[in-house]
């Protein structure tokens, strides 16, 4: 499943929330993942670049940690995880990054597309920075 996000070019300490789903029918949220779950891998690619692995790190919900990965709440928001986007992604000259989480038991591969945008100064335009 692919999820899309907009981040401001040059921004730092960005946190995104991603959904994880079970590879079974009926499709249901996948709970219980952690940064060190057996088999869970994370890779990213920038346009024109090469597939590069990211070493996931432990994280505290609401606090940015580069490549930090943590479950938000298995009870109240099952399947929702917080990921600290590494700063070098928004600081790169690329305007898009694709990140993939995969390999954990029962996890549908999770693709995250991040578009990096330059904020507009036009009246009424709003850009949300997480």
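Rule-based calculations on the coordinates, nothing more; no lab input. Since this is a predicted model, take the numbers as computed values, not measurements. We place every Cβ from the backbone using ideal geometry, glycine too, and count neighbours over all the protein chains shown.
Here are the numbers for this structure:
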read-out	value
Candidate set: the range 10-29, residues that are surrounded by 15 or more Cβ atoms within 10 Å (Cβ to Cβ) and touching a strand residue (DSSP E or B) at 6+ places or on another chain (Cβ under 8 Å); chosen: the one farthest from residue 90 (Cα to Cα)	22
Any pair with Cβ under 6 angstrom, 6 or more apart, that starts in the range 55-82 at a residue that is on the phi > 0 side of the Ramachandran plot and touching a residue at least 40 places away in the same chain (Cβ under 8 Å) and ends at one that is part of a strand (DSSP E or B) and surrounded by 13 or more Cβ atoms within 10 Å (Cβ to Cβ)	79/19; 79/29
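For every residue, the table says whether it meets (1) buried (at least 19 other Cβ atoms within 10 Å of the Cβ); (2) within 15 Å of the chain's Cα centre (by Cα).
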site: 38; (1), (2): no, no
site: 42; (1), (2): yes, yes
site: 48; (1), (2): no, no
site: 51; (1), (2): no, no
site: 62; (1), (2): no, yes
site: 77; (1), (2): no, no
site: 80; (1), (2): no, yes
site: 86; (1), (2): yes, yes
site: 89; (1), (2): yes, yes
